[in-house]
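Okay, so here's the structure we're looking at.
The values are calculated or read from the model by the stated rules, or taken from the named source; none is laboratory data. What you see is a predicted model, and the numbers here were worked out from it, not measured in a lab. Cβ coordinates were reconstructed from backbone atoms using ideal geometry, including for glycine residues, and neighbour counts include every protein chain displayed. These area figures cover heavy atoms from the full protein model, side chains too; ligands, DNA and RNA do not enter into them. Shrake-Rupley method; radii C 1.70, N 1.55, O 1.52, S 1.80 Å.
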Amino acid sequence: MNGSNGAHADGVQVITLDNPPVNALSFAYSASLLREIEAAEANPALTTVVIAGAGGIFSGGADVNDFATEPTPETKTVRDVIAAIERGTKTYVAAIDGNALGGGFELALACDYRVGTAKAKLGLPEIKLGLLPGAGGTQRLPRLLGANDALQLMLKGETVKAADAKAKGILDEVVEGSANVVDAAKAYAGKPRNRIAERQAQLGVQGLGLFATPFVVAQAHKMVPPETNGGFAAHKLIDAVQAAIELPFERGLAREARLFEELVRSAPSAALRHVFFGERELSKIPGLPKTEPLAIAKAAVIGGGTMGTGIAITFAEAGIPVIVVETKSEAVEKARETVFGMFKYQVDKGRLTQEEAWTRANSITFEEAYEELGDVDVVVEAVFESMPVKKEVFGKLDALTKPSCILASNTSTLDIDEIASATRRPDKVLGLHFFAPANIMKLLEIVRGKATSAETLTTGIALGKKLRKVGVVSGNAFGFIGNRMLFDYEAQAVELAEEGVPLERIDKVIKRDFGMAMGPFAVADLSGLDVYHFISQSQGGAPLGRVPIIAKLVEQGRLGQKTMKGFFDYDKSVGKGREPIASPDVAALFRELAVAAGVPQRADVTDDEILARCIYPLVNTGAELLRTGIALRPGDIDLVWIYGYGFPPHHGGPMWYADEIGVRNVVAAMERFGWTPDPLLVEIARSGGTIANYSKELAHA
Ligand code: T1G
């Protein structure tokens, strides 16, 4: 815990933040750091204190684990360390190598000077945790950058690289090499104190431009989502910056602290912290023997359609050369055009330089023959969703790729074990289920078959990270995790429409009121109603819902966005053809089929019932996936739905949301709807527990 290793000869003490893995400024570590600052302040031989970070990182900020505990009046936090610096008499210099985030950046902001290496990255990402910078960041950063720039940086939670930080005046100097940054910092020894607050405080509020208030604050409140729909922290952060503009420094700090306390106790922040830790749990697979992942130097994708080209681009953007195989020359050309078109779009949008796009595009080659795959390390198959077709492809791959090559299928619903049976290497087979568009969507379902080896699964997880995906391990069952839940969710939306609830009202409740990225009918139109119909047929022909609405719509050619009409109509002049428009014809067809099937028409369905009947199927099916071991943890299920289907992260995902509502209440609602709650939910409701805690007990069972 001791971070000081100070040589005092030149009146300079170096204090090194050393609390692996990210030098988090936990309550305990802050207390230790405070003692070191106080000792330095008491040492008359010192003029300067340099604060550096060990392990190639300055600090990842306050310890997020601590927010689950109630601090006592004796608890020391990073705020106390910063207050000691603020009232200190020494000159403080931050020597920053690597990340300085959250409280780490705030600690640096309290110093008089900041020196960084070229790898320094500074940011206040608290908004992503449903928080605001609670250690003076909302008061010091506006005094350094001006209110507007500071707000933008904090509301986006983005990091600033060294060169930009120097240009903005956040860093006083950028040096090459981590060893030099401490020496460079020492060179500021004896320079006058230059605390941002002091400097600006003398200027009073005019220093920040009082005129800024009406524009900056009012405008900012308009730019962020409503407090009840993902914007709670953003509005409080804006309030804190308003205090920086209008109040003296000390009072601004007090207001920031009050707003922080309100946020750290809030449901959205608890949900977002659950997402933060859930993402870091994903690669921890209980019972998986520890093995090294295989090196993936070269890849191949079979199939150059929308998914195949998107997957190829994903590999190229991760710096892995990739071959796209299509068996017909015209399909090869189409795939090539798609890929180059995508990179050109990125350049036009300014997301890539011409050179970056060129490098990436050139790392993708196109072939008609499997014979070119002799030296690839992984193949992702992305051909038509038909088992015979897939088994033929895997048989060929098995014959033509090197023995160590991993064979993955991008199938969204088919049986990985059956696909693997077409090869002599089932231990090397797994599912890598990308979500469309594959180069944009972050979710990747990593599906383990019965024979998938630990090495193969470990490699799949490592590859997911390399491809910058949120990789969730799933067992091998119909629909894996996401789509298995999606069908039950869609079925309930259809049943509500059968009872006479307008489709556009259902989508409004789910999208605009609850916060899903899209409503259930818009999602179905995006995926394609023919896809739903095909999957229903492959599962024995039962319709989604109680009437064959999808079969009828497919018959009428209403396939969704791709035909400009599905559940909704679409018009290229409205929202680039992606804005759903209610269709009286579809409403009439629903009524006709529902009345013929004897489905009672209701005029008393409330928005609350719509929400519950659409979201609770996710909870019920999620519980089944947990109970049957298809999903490892409730957090995994939550991340699938946040990253794959746009579930509002400030509700933490469907399983977290069920805990927010209370499992007893969810089960009672299910029984009112006439559903059969999953036994796991009934067990949790009976015991008065939570899904989150149950899974922890399960993990330790
Ligand atoms: N608190 C607690 N644990 C943390 C942590 C943190 N701030 N940051 C990382 N970890 C753990 C993480 O759970 C994982 O644990 C391990 O470190 C490696 O993380 C008062 C209120 C720093 C860029 O939001 O962005 O300061 O799984 O896999 O990819 O105003 O971690 O090994 O057991 O992510 O190298 C604000 C969050 C806090 C930064 C490193 N700070 N962290 O990325 O490693 S609130 C943040 C990150 C605050 C103040 C406010 C990244 C990273 P395990 P990792 P990485």
Practice task
Kindly report the accessible area of the range 468-547 per residue (heavy atoms of protein chains, probe 1.4 Å, no ligands, DNA or RNA), in Å².
Solution key: 33 Å²
Problem - Expected 222 nm ellipticity per residue - DSSP helices of 4 or more, -39500 (n - 2.57), all of the chain, to 500 - result: -14500 deg cm²/dmol
Problem - At R0 = 35 Å, FRET efficiency that the Cβ-Cβ distance of residue 28 and residue 611 yields, to 0.05 - result: 0.25
Practice task
Please report, as a whole percent, how much of the solvent-accessible surface of the range 481-603 comes from carbon and sulfur atoms (probe radius 1.4 Å).
Solution key: 54 percent
Completion exercise
What one gets for the range 439-589 as the Kirkwood radius, inverse of mean 1/r over different Cα pairs in Å, is 17.0 Å
Practice task
Send over the semi-axes of the range 523-618's equivalent ellipsoid, whole angstrom and largest first, taken as the square roots of 5 times the C-alpha gyration tensor eigenvalues.
Solution key: 22, 18, 15
Handout entry: Heavy-atom accessible area per residue - the range 3-264, 1.4 Å, Å²
Key = 39 Å²
Exercise for the section: Express in Å², to the nearest 10, the accessible area of residue 89 obtained by rolling a 1.4 Å probe over the protein heavy atoms while all chains stay in place. Expected result: 100 Å²
Completion exercise
Judged on accessible area alone, 1.4 Å probe, highest first, 445, 74 line up as 74, 445
Completion exercise
Here, residue 180 and residue 579, labelled 7 Å along Cα→Cβ, have an inter-label distance in nm of 5.5 nm
Problem - Degrees between helix 529-538 axis and first principal axis of the chain (Cα, 0 to 90, nearest 10) - result: 60 degrees
Practice task
Report the relative contact order of the range 606-701, percent, no decimals, based on alpha-carbon pairs under 8 angstrom and at least 6 residues apart.
Solution key: 28 percent
Completion exercise
Taking N as the number of residues in the range 606-701, the ratio of its alpha carbon radius of gyration to 2.2 N^0.38 Å works out to 1.00
Problem - Additional length obtainable on full extension of the chain from residue 564 to residue 384, 0.36 nm per residue less Cα span - result: 62.5 nm
Exercise for the section: Measure off 7 Å from each Cα along the Cα-to-Cβ vector at residue 149 and residue 265, then give the distance between these two points in nanometres to one decimal. Expected result: 3.7 nm
Fill in the blank from the handout: Highest mean packing first, using Cβ neighbours within 10 angstrom, the peptides 270-283, 566-579, 520-533, 637-650 sort as 637-650, 520-533, 270-283, 566-579
Completion exercise
Among the Cα-Cα pairs of the range 116-191, the proportion with separation greater than 19 Å, in percent, is 41 percent
Practice task
Could you pull out which residues in the range 394-430 have an amide N less than 19 Å from a spot 7 Å beyond the Cα of residue 297, following the Cα-Cβ vector?
Solution key: 401-407
Completion exercise
With 0.36 nm assigned to each residue of separation and the Cα-Cα distance removed, residue 436 to residue 344 gains 31.2 nm
Practice task
With a point put 7 Å past each Cα toward its Cβ, work out how far residue 537 is from residue 198 in nm, to one decimal.
Solution key: 7.8 nm
Exercise for the section: Take every Cα pair under 8 Å in the chain that's 6+ residues apart, average their separations, divide by the length, and report that relative contact order as a whole percent. Expected result: 9 percent
Exercise for the section: For the range 299-475, report the translational diffusion coefficient in µm²/s to the nearest whole number, using Stokes-Einstein at 4 °C, 1.567 mPa s, and a Kirkwood Rh over Cα pairs. Expected result: 81 µm²/s
Practice task
Give the ranking of 236, 334, 442 by solvent-accessible surface, highest area first, calculated with a 1.4 Å probe.
Solution key: 334, 442, 236
Exercise for the section: Using the Cα centre as the reference, give the magnitude of the dipole from point charges on the C-beta atoms of the chain (Lys, Arg: +1; Asp, Glu: -1; all else neutral), rounded to the nearest 20 debye. Expected result: 860 debye
Problem - Computed accessible area, residue 505, all protein chains, 1.4 angstrom probe, square angstrom - result: 80 Å²
Completion exercise
Expected sort for 45-58, 366-379 on mean C-beta neighbours within 10 Å, highest first, is 45-58, 366-379
Exercise for the section: Quote the FRET efficiency, to the nearest 0.05, computed for residue 572 versus residue 187 with a Förster distance R0 of 56 Å and r equal to the Cβ-Cβ distance. Expected result: 0.35
Fill in the blank from the handout: Everything considered on the Cα gyration tensor (a ≥ b ≥ c; rounded for a/c under 1.5, else prolate if a/b is larger than b/c, else oblate), the chain must be described as prolate
Practice task
Could you look at the range 606-701 and say what percent of its accessible area is carbon and sulfur, using a 1.4 Å probe and all protein chains?
Solution key: 54 percent
Exercise for the section: May I ask for the percentage of alpha-carbon pairs in the range 3-264 that lie more than 29 Å from each other? Expected result: 25 percent
Completion exercise
At 4 °C in a medium of viscosity 1.567 mPa s, the range 605-646 has a Stokes-Einstein diffusion coefficient, with Rh taken as the Kirkwood radius over alpha carbon pairs, in µm² per second, of 117 µm²/s
Exercise for the section: Can you tell me which of 119-130, 676-687 comes out highest on packing, and rank the rest after it, using the mean Cβ neighbours within 10 Å? Expected result: 119-130, 676-687
